[in-house]
Amino acid sequence: MIPEFFDRASVGSVWRVPYQQRAIEAEQWAKEHNIPPASDDRIRVCLLAIDVQNTFCIPDFELFVGGRSGTGAVEDNVRLCEFVYRNLGSITEIAPTMDTHTAMQIFHPIFWINEAREHPTPAATLISYEDVQKGVWRVNPAIAPSLKTDYNTLNSHALHYTKQLTDEGKYPLTVWPYHSMLGGIGHALVSAVEEAFFFHCITRKSQTSFEIKGSHPLTENYSVLSPEVLTTVGGELLAQKNSQLIDKLLKFDAVIIAGQAKSHCVAWTIDDLLTEIQAYDPSLTKKVYLLEDCTSAVVVPGVVDYTEQADRAYDRFAAAGMHLVKSTDAISDWF
């Protein structure tokens, strides 16, 4: 069942969640439908909701994931909200990841300049190792003091970073529009999704477990489990894997994954989780369920379309033993 207050038409807009009212309704909902606290769950299920934030999910925001339909993230989130409400009694914990950025990061325009001292065009510029070698794009020396370093160090890192991406077969460095800015409205969860997660929290007496990612200025962090590049040019640790979250997820009986974007943060997170599972116990892949109708790929019309890459990644995850499921499926039918 889905609470009467849920309005599908509101999922694509930003508004204030009436917390106290929803808390009262959630308490009543638990009583009326005999939903026990999550601590009573015999089968423990975690919903990992990746970057379901305004910046990716609301039309006209910075990096709206429209997919090929043009309305992908909004439609995905309608289904995600309904999935949460229908399965309140089966979801033990919800863990939303929060892409979190400031202006001076390696994937934002201010970090780079060309010979004319112009910044790259966001969402339309890919920076390769060869581009940095040839000086097509170079680090903006004016930002070094704010990052508490010097230009030579930053320039060496730029060469190292782009080479690492190439050597490891990852996407080239993409210059993105300023997005998920800490303190900004784009950073917040989509209102309707936040409401659903809050309702779950009160109904199940289960604290929503937020995971922050992406704040290091010198690396991308598509995956919540690991940054794109782990070391500096000198081999020192640049950023760390989120070992705590990895361990936590593997202790659940099932992990359900949804969010944005399928081709980037979602696929990279699943790929990192698969790597950890295969190193520890390959049979654990059967714990992972991918809500394939609650995620969309990055598509910039006339520029780039990552749909096929995303679909191939999901095929690979399924071949490894993970389950491709729909939001209309009942969790109780999976076990």
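The values are calculated or read from the model by the stated rules, or taken from the named source; none is laboratory data. In this text the structure is predicted, and so the values were computed from the model without any measurement. Don't worry about glycine lacking a Cβ; one is built from the backbone with ideal geometry, like all the others, and counts go over all protein chains shown. These area figures cover heavy atoms from the full protein model, side chains too; ligands, DNA and RNA do not enter into them. Shrake-Rupley method; radii C 1.70, N 1.55, O 1.52, S 1.80 Å.
For the range 1-123, the residue among Q20, V45, A103 whose Cα projects farthest onto the positive side of the dipole built from Cβ charges is V45.
Under a point-charge model restricted to the Cβ atoms of Lys and Arg (+1) and Asp and Glu (-1), what is the dipole moment magnitude of the chain relative to its Cα centre, in debye to the nearest 20?
360
Charges were assigned to the Cβ only: +1 to each Lys and Arg, -1 to each Asp and Glu. The resulting dipole of the range 240-281 about its Cα centre is roughly 160 debye. So the label point goes 7 Å from the Cα of L324 along Cα→C-beta, right? Which residues of the range 254-283 then have their backbone N under 17 Å from it? The answer is 257-259, 262-264, 266-268, 270-271, whose backbone nitrogens lie closer than 17 Å to the label point.
Take each of the peptides 53-60, 266-273, 323-330, average the number of other beta-carbon atoms within 10 Å over its residues, and list them starting from the highest. Please list the in-between numbers first.
Values: 53-60: 21.9, 266-273: 24.2, 323-330: 14.6.
Descending packing order for the listed peptides: 266-273, 53-60, 323-330.
Over the range 203-335, the pair-distance histogram of Cα-Cα distances with 10 Å bins from zero comes to 11, 38, 36, 13, 2, 0 percent, rounded to whole numbers.
Annotation: for a label point projected 7 angstrom from Cα along Cα→Cβ of W334, residues of the range 61-93 with backbone N closer than 19 Å are 76-93. Dividing the summed -39500 (n - 2.57) terms of all DSSP H runs of n ≥ 4 by the residue count of the chain sets its mean residue ellipticity at 222 nm at -9500 deg cm²/dmol.
Based on C-alpha pairs under 8 angstrom that are at least 6 apart in sequence, the chain has a relative contact order of 24 percent.
Database remark: amide H of I256 closer than 5 angstrom to the amide H of C46, L47, L48, Y289 (H placed geometrically; neighbours at sequence offset of 5 or more, or on other chains; Pro and chain starts carry no H). Most tightly packed first, judged by the mean number of other beta-carbon atoms within 10 Å of their residues, the peptides 97-105, 306-314, 253-261 read 253-261, 97-105, 306-314. Calculated on the Cα set of the chain, radius of gyration then Dmax: 20.5, 67 Å.
Tell me, what is the Rg over Rh of the range 106-201, with Rh the Kirkwood radius over Cα pairs? Reported Rg/Rh (Cα atoms, Kirkwood Rh): 1.12.
Could you work out how far helix 151-167 tilts from the main Cα principal axis of the chain, as a 0 to 90 degree angle to the nearest 10? Once rounded, one gets 60 degrees. Remark: the chain carries 43 Å² of accessible area per residue (probe radius 1.4 Å; ligands, DNA and RNA excluded).
The amide H of E211, built 1.01 Å from its N in the peptide plane, has T97, M98 as neighbours under 5 Å, considering only residues 5 or more places off or on other chains. Tally up the carbon and sulfur contribution to the accessible surface of the range 67-219 as a whole percent, 1.4 Å probe, everything protein left in place. Accessible surface attributable to carbon and sulfur in the range 67-219 totals 55 percent. The length gained on full extension between K251 and A23, counted as 0.36 nm times the residue separation minus their Cα-Cα distance, comes to 79.2 nm.
Could you give the length gained by full extension between S39 and T121, i.e. 0.36 nm per residue of separation minus their alpha carbon distance, to one decimal place?
My answer for the length gained is 24.6 nm.
A Förster radius of 41 Å combined with the Cβ-Cβ distance from V14 to V136 puts the calculated FRET efficiency at roughly 0.60. The lysines within cross-link reach of K31, meaning a Cα-to-Cα straight distance under 22 Å and a gap of 8 or more places when in the same chain, are K205.
Each residue of the range 85-97 was assigned a 3J(HN,Hα) from its phi angle through the Karplus expression (A = 6.51, B = -1.76, C = 1.60, θ = phi - 60°), giving 5, 5, 10, 3, x, 10, 8, 6, 8, 10, 10, x, 8 Hz with x at Gly and Pro. Relative to the longest principal axis of the chain, what angle (0 to 90°, nearest 10) does the C-alpha long axis of helix 19-32 take? The helix 19-32 is inclined about 40 degrees to the chain.
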